[in-house]
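K.L.:
Handing you a structure now.
Please treat every number below as a calculation from the coordinates, not as lab data. Note that the structure is a prediction, hence the values are computed from the model and not measured. In this analysis, Cβ positions are derived from the backbone assuming ideal geometry, glycine residues included, and neighbour counts consider all displayed protein chains.
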Amino acid sequence: MRRRQLVLLLLVASVAAGPIRRLAAQEPSLTAEQVRTSIRQGVDYLLNEQSGRGTWDDMTEYPGGVTALCTLALLNAGVEPNHPKIQKSLAFLRTLQPEKTYTVALQTMALCEGEPVRDLALIQKNAQWLSRVQITQGPRKGSWSYPLGEGVGGDNSNSQFAVLALHEAERVGAKVDPEVWQLAAEYWKDCQNPDGSWGYQPENMPGSGSMTCAGIGAWIICSGKVAAAAAEATGNGVQCCLPPDKNDVLERALVWLGRNFSVRRNPGQPGAATQWHFYYLYGLERVGRLSARRFIGDHDWYRAGAEYLISRQDAFSHEWIGEGHSEDNPHVTTSLALLFLSKGRRPVLMAEVKHGPGEDWNRHPCAVANLTAFVEREWGLNLTWQIIDPQAATVEDLLQAPVLFVSGSQSPELGGLEEKFRDYIDRGGFVFAEACCVDGSGFKDGMKAFLDKIFPEGEYKLRLAGPEHPIWRIDRLVRPDSPYVGRLWTIEYGCRTCVVFSEVDLSCYWELYGHGRTQGLPEQAKLRMEDANTIGLNVLAYATNREPKSKEESFVASDIPDLADGADRGVIRIAKLLHGGGCNDAPGALANLLRTASQGELKLSVSGQPFEIRASDPALPRFHLAFMHGRHDFRFTPEERKSLREFLEHGGLLFADSICASKEFIDAFRREIQLVLPDHQLARIPIDNPLFTDAAGGFNIQQVSRREPAAAQAGQPLRSRVQKVPPELEGIEIDGRLVVIFSPYDISCALEQHEALQCRGYTREDAARIALNVLLYSLSPDAGAPTTAK
């Protein structure tokens, strides 16, 4: 007993010295908590800088402009409109008279974000003023100026802000003359440079990053107001899948921006790259969000921009400050940084899947954007959506969207993606599909064949959604006589629905729901549009639980501890690996093990919280021991295999067991661990291995009790027999150290203190002893475990 206590003291001391692994892992470059902390600190800085009048130090030529910008930034960063300081600034903004385009635009956007119902009359007044001062004659018609007087031409900066303000005004209920949008759309199209960029002035001015972002955002907004829809109401009903307007304005601009992409400078400005830098980042966020792109070129724009901004935030004041006109004012620069960080992190509601070389995947180009806007209003959340190419995306990329939307009229070209979609679904993803256009039978047949390949198991097949399914009522009630009743199919997978497939068009009616297209619709078309919106809303509510995750949550989880820091650095923590093979089918197993380790005879300093992460999570190297169990088939993704291999080769240990000795999980684990470590073989661990002795301060478990269910007899109760046997554990060694320990017999159900008679595995007491010995072995240098990192 004294020897065991001495060993345990040494082990806890070694944990206190630092993470136990052979090589110190690199810390991830950005975490979710860093993003949230940066926003919170920037918000506190701005709130503390507000004057007693509710203002911030404004520029003389734009009275009220900086106050409007700060207010807009704070509201987007999560400060509630009823906050006393926001109330002060809104009260001040209501007193401003329209004089300058910049100020009126920023004032309007702040009022729209603050209390739009209360301020709708003022918002409408500002929208009318902005419409009135739009230049309507001459070479720059459709643009806006400061204004400075008659004959002064417009510029792309003022024009951008006017467009943004009018767009937000319309979103909250103000009216804008369609002619304003038409003129603006023509202006932005005509003044684009041949290389796809925009400059500050429309004539003979090279493009810059800031102005190209202005052009992209303004073009998406304006063209969306005036472009012919891919669906329209006719005297006979609704015509779907109309050919969209063809132009390459957006694509040429995105190519230029991707080729010149940077977050460290305002690109395309020789000798002046630091000018208007934060203004450019504010525009870059808008490009990514409005174009529904996660990547611009090959660049993850939000992650890159967030990393840069967080690195530039002042460590003491928490302000940002730039260079040159306006950006040497920390109130301006901090507001622009907050707008990037807060608006850019909006949760992705769904991703539209590109399939095939043509445009069949996008027969209704505005449909997903319109449905997202509808859901935003219903849930009172700011949301966004994305377009994704599954051929180029990893499973981890797909998982940034909780729902993948697949649409078309022809058979989707998704061959070879069955495993990737299954891995996405196994990790909690959801597929929402529809056959669109008059005859979508090609898509219907092709999608069903694709789903059959994703789920070759007989029990996971499409079946009609019955009247009891939540998608008919979870947010809104679908009419009993809706044409969608009896036309929606689902796949039930485990305890949840993972696929909803509509064999008739939904996106046509989402497209129809767009700007200005709901007026004068025939009654039947209105009802069908309401049905389509309701079903879209209900499916998304079911798939996301109305809680889609903010974008930064795809970074490292904030609750994963840094084992090298903090007052509790001596606490032992264990990672629990998430996977698609029933990773939570014995949810109390690890928690009970941790509780047992911290109590009773061992009294280890162990955290009672299991840290659930995927094998691909950059936080995995922070742990020395990872645990997993399951009862079904599963697969690791290539990224998960690579990450897990590095974890094991650098000193980590993986401990796994098959719940109730499930053959399906045993076969899957053996297959996957062979793919993780192809140069090593999983083999039975010899009984004389230190793992089975008290060498590490644990228990002698060379003989244990194992339960074997007896053959069932007709009319007789279930029985099982318990026998004394050597423990049967399989392992992989690297450099004389076990890096994988696997039990094909149940440990987890026993750890849950649930010994089912039909469950093949160890008894409760010996399951706990085996697991505790694995934990102690992972900590013990004498057993070949890695030494403490320096």
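K.L.:
Using only the alpha-carbon atoms of the range 35-138 as identical scatterers, what base-10 log of I(q)/I(0) does the Debye formula give at q = 0.23 Å⁻¹?
P.N.:
Computed log10 I(q)/I(0) values: -1.22.
K.L.:
Using bins 10 angstrom wide from zero, how does P(r) for the range 81-131 break down, in % of all Cα pairs?
P.N.:
Whole-percent P(r) values from 0 Å outward: 26, 60, 13, 0.
K.L.:
Per-residue ellipticity at 222 nm for the chain, helices alone: DSSP H runs ≥ 4 residues times -39500 (n - 2.57), over residue total, nearest 500 deg cm²/dmol?
P.N.:
It comes out at -12000 deg cm²/dmol, rounded to the nearest 500.
K.L.:
Then there is this: 5 Å is the cut-off here: which amide hydrogens, built 1.01 Å from N in the peptide plane, fall below it relative to Leu729, excluding neighbours closer than 5 in sequence?
P.N.:
Ile685
K.L.:
Moving to a separate point now. In percent, how large is the relative contact order of the chain, given Cα pairs closer than 8 Å and 6 or more residues apart?
P.N.:
So the answer I get is 12 percent.
K.L.:
Given H placed 1.01 Å from N in the peptide plane, which residues other than close sequence neighbours of Val704 have an amide H under 5 Å from its amide H?
P.N.:
The list, which skips near neighbours in sequence, is Val725.
K.L.:
Something else now. If you wrap a convex hull around the alpha carbons of the range 80-228, what volume per residue comes out, as a whole number of Å³? It would help to have the intermediate numbers written out before the result.
P.N.:
Numbers: hull volume 17.2 nm³, N = 149.
Cα-based convex hull of the range 80-228, divided per residue, equals 115 Å³.
K.L.:
Ranking Ser223, Ser317 by Cβ neighbours within 10 Å, fewest first, what do you get? Walk me through the intermediate numbers first.
P.N.:
Values: Ser223 19, Ser317 14.
Placing the least packed residue first, the sequence is Ser317, Ser223.
K.L.:
Determine one quarter of the surface area of the Cα convex hull of the range 191-312, which equals its mean projected area, and express it in nm² to one decimal.
P.N.:
About 9.0 nm², averaged over all directions.
K.L.:
Kirkwood hydrodynamic radius of the range 287-427 from all distinct Cα pairs, in Å?
P.N.:
Roughly 17.3 Å, rounded to one decimal.
K.L.:
What residues qualify as long-range amide H neighbours of Trp385, i.e. H under 5 Å apart, gap of 5 or more or another chain, H built at 1.01 Å from N?
P.N.:
Sorted by chain and number, the residues that satisfy this are Leu349.
K.L.:
Can you tell me the orientation of helix 65-76 relative to the chain, as the angle in degrees between its alpha-carbon axis and the longest Cα principal axis, to the nearest 10?
P.N.:
30 degrees
K.L.:
How tilted is helix 277-290 with respect to the longest principal axis of the chain? Cα atoms for both, answer in degrees (0 to 90, nearest 10).
P.N.:
It is inclined by approximately 80 degrees.
K.L.:
Arranged by the count of other C-beta atoms within 10 angstrom, fewest first, what order do Thr394, Thr101 take?
P.N.:
Numbers: Thr394 15, Thr101 26.
Placing the least packed residue first, the sequence is Thr394, Thr101.
K.L.:
Now, a different point. On each of the three principal axes of the Cα atoms of the chain, give max minus min coordinate, whole Å, ordered largest first.
P.N.:
On the principal axes, the chain reaches 97, 63, 46 Å in Cα extent.
K.L.:
Ranking Tyr62, Tyr308 by Cβ neighbours within 10 Å, fewest first, what do you get?
P.N.:
Tyr308, Tyr62
K.L.:
Here's something else I'd like to know. Quick one: helix 249-259 against the long Cα principal axis of the chain, what's the angle to the nearest 10°, folded into 0 to 90?
P.N.:
50 degrees
K.L.:
Output wanted: per-residue J couplings in Hz (rounded whole) for the range 366-380, from phi through Karplus 6.51 cos²θ - 1.76 cosθ + 1.60, θ = phi - 60°, x for Gly and Pro.
P.N.:
Each residue of the range 366-380 in turn: 9, 4, 5, 4, 5, 5, 4, 5, 5, 5, 3, 5, 5, 9, x Hz.
K.L.:
Filter Lys141/Lys225; Lys246/Lys551; Lys343/Lys420; Lys175/Lys246; Lys576/Lys642 down to the pairs with a C-alpha to C-alpha distance above 22 Å, please.
P.N.:
The pairs that break the limit, which is 22 Å between Cα atoms, are Lys246/Lys551; Lys343/Lys420; Lys175/Lys246.
K.L.:
A further question follows. Of all alpha-carbon pairs in the range 237-368, indicate the percentage at a distance above 18 angstrom.
P.N.:
On the way: 5299 of 8646 pairs.
Value for the range 237-368: 61 percent of Cα pairs lie more than 18 Å apart.
K.L.:
Enumerate the calculated ³J(HN,Hα) couplings along the range 160-173 in order (Karplus 6.51 cos²θ - 1.76 cosθ + 1.60, θ = phi - 60°), each rounded to whole Hz, writing x wherever the residue is Gly or Pro.
P.N.:
4, 5, 5, 4, 4, 5, 5, 4, 5, 4, 5, 4, 9, x
K.L.:
While we're on this one: Could you compute the FRET efficiency for Trp129 and Arg473, with r as their C-beta to C-beta distance and R0 at 41 Å, rounded to 0.05?
P.N.:
0.35
K.L.:
May I pose another question? Work out from phi, with θ = phi - 60° and the Karplus expression 6.51 cos²θ - 1.76 cosθ + 1.60, the ³J(HN,Hα) of each residue of the range 43-54, listed in order in whole Hz, and give x for Gly and Pro.
P.N.:
3J(HN,Hα) across the range 43-54, in whole Hz: 4, 4, 4, 5, 4, 5, 8, 5, 7, x, 7, x.
K.L.:
Now for a different question. For the range 348-552, compute Rg over Rh where Rg is the Cα radius of gyration and Rh is the Kirkwood radius from the inverse mean 1/r over Cα pairs.
P.N.:
Radius of gyration over Kirkwood radius for the range 348-552 works out to 0.93.
K.L.:
Normalised radius of gyration for the range 392-493, please: alpha carbon Rg relative to 2.2 N^0.38 Å, two decimal places.
P.N.:
Computed over Cα atoms of the range 392-493, the ratio equals 1.13.
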